[in-house]
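A short worksheet on the structure shown next.
The values are calculated or read from the model by the stated rules, or taken from the named source; none is laboratory data. A quick note: this is a predicted structure, and the numbers were derived from the prediction, not measured. Here the Cβ is made from the backbone with ideal geometry for all residues, glycine too, and neighbour counts use every protein chain on show.
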Amino acid sequence: MGRIEKSEHKNESGSENISESISDSESASDSESEGTPVDIINGLDKTLLYTVISDGRFLNSISAPKIDGYTFYAFYYDEFYKNKVEFPVNLKENSYSSLYAEFICGENLVFIKNPEDLKVIGETENIYLLCDVDMSGITVSAPYAFRGKFFGNGFTVKNLGIDRTLSYGENYLGFFGIIEKDAEITDIFFENMTVYLTFGEAENDGTENYAGIIAGNIEEGALISDIKITGTLYYGNESKRSLTIHKFCGEFGGVGMIDGIYSDLNFEDIKIKSLTD
């Protein structure tokens, strides 16, 4: 029976991680039948079930462990996260006594490793960039109201674009319509971002509408910091609606921003163009 021991240390980047040392289980080495659970007990005497699937000489997978407040990222052979485990593992070729599970602070993180990972953004998704990505030629779907988190980690998203048409009952236009109060977007460079905004066939009811490249409205309480954006905001307004447009956010537009919400923003290189010109 294996045993799991919890320890804390910092990696080379200085960010705090939690590792779990998973002692080699005799049951796993004996190549259990598919789907058989193996009990691994941690230092708090709580049981975690690891599903070990083996076809004889190979270990095909281990189910991801869980720690509250963190998201599991990967298994490694070493505690410094240098030698990543790639399944299936040949048990005869890979002799090891421990595997280390790397966790990243934040719950339910969606790791972005390539452009395909960013094609669909959910309303409550917690996005975590692991590298620069180029979205050229990829159609992106993003929600009208975003209440998740977007951790850029200093990386760049190039050529991100979206076509957004205002629906009935909506008044905000941008890559997102609204960034809600619990949302966070931090430490990212959107290079050559392109947003096309149109009103569609919704009835002109005389209501004021707001548009910006990142959002039409950012609610008080949202955390927006360390963002740079270059690109173009295109808009169509053939129905002559009442429309306020600013480069970054329609409702605030860089003027009278609320202290504590916005910091270190750079959006001077955004162009605004009418689709009817």
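Listing for the model above:
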{"item": "So residue 196, is it of a type in the set (Ser, Thr, Tyr), exposed (fewer than 14 other Cβ atoms within 10 Å of the Cβ), in contact (Cβ under 8 Å) with a residue 24 or more places away in the chain and not assigned by TED's automatic domain parsing to the domain that holds residue 69", "result": "no"}
{"item": "Test: residue in the range 205-213 that is more than 30 Å from residue 131 (Cβ to Cβ), hydrophobic (A, V, I, L, M, F, W, C) and either touching a Pro at 6+ places or on another chain (Cβ under 6 Å) or at pLDDT 90 or above (or both)", "result": "yes"}
{"item": "Any hit, the range 111-120, residues being in a loop (DSSP other than H, G, I, E, B) and within 19 Å of residue 233 (Cβ to Cβ)", "result": "no"}
{"item": "Only one of 199, 150 that is of a type in the set (Phe, Trp, Tyr) and modelled with pLDDT under 90", "result": "199"}
{"item": "Residue satisfying all of: in the range 226-243; farther than 18 Å from residue 196 by Cβ and either more than 25 Å from the chain's Cα centre (by Cα) or at pLDDT below 90 (or both); surrounded by the fewest Cβ atoms within 10 Å (Cβ to Cβ) among these", "result": "240"}
{"item": "Pairs where the first residue, in the range 232-248, is β-branched (Val, Ile, Thr) and the second is assigned to a loop (DSSP other than H, G, I, E, B), C-beta under 6 Å, 6+ apart", "result": "244/250"}
{"item": "Residue match in the range 130-137 (condition: surrounded by 14 or more Cβ atoms within 10 Å (Cβ to Cβ) and of a type in the set (Ser, Thr, Tyr))", "result": "no"}
{"item": "Members of the range 245-277 that are modelled with pLDDT of 75 or more and over 20 Å from residue 146 (Cβ atoms)", "result": "266, 268, 269, 271, 272, 273, 274, 275, 276"}
{"item": "Residue check for residue 168: at pLDDT below 95 and surrounded by 23 or more Cβ atoms within 10 Å (Cβ to Cβ)", "result": "no"}
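Residue by residue, here is whether (1) over 12 Å from the mean Cα position of the chain (by Cα); (2) surrounded by fewer than 15 Cβ atoms within 10 Å (Cβ to Cβ) holds:
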{"position": "75", "(1), (2)": "yes, no"}
{"position": "80", "(1), (2)": "yes, yes"}
{"position": "109", "(1), (2)": "no, no"}
{"position": "126", "(1), (2)": "no, no"}
{"position": "154", "(1), (2)": "yes, yes"}
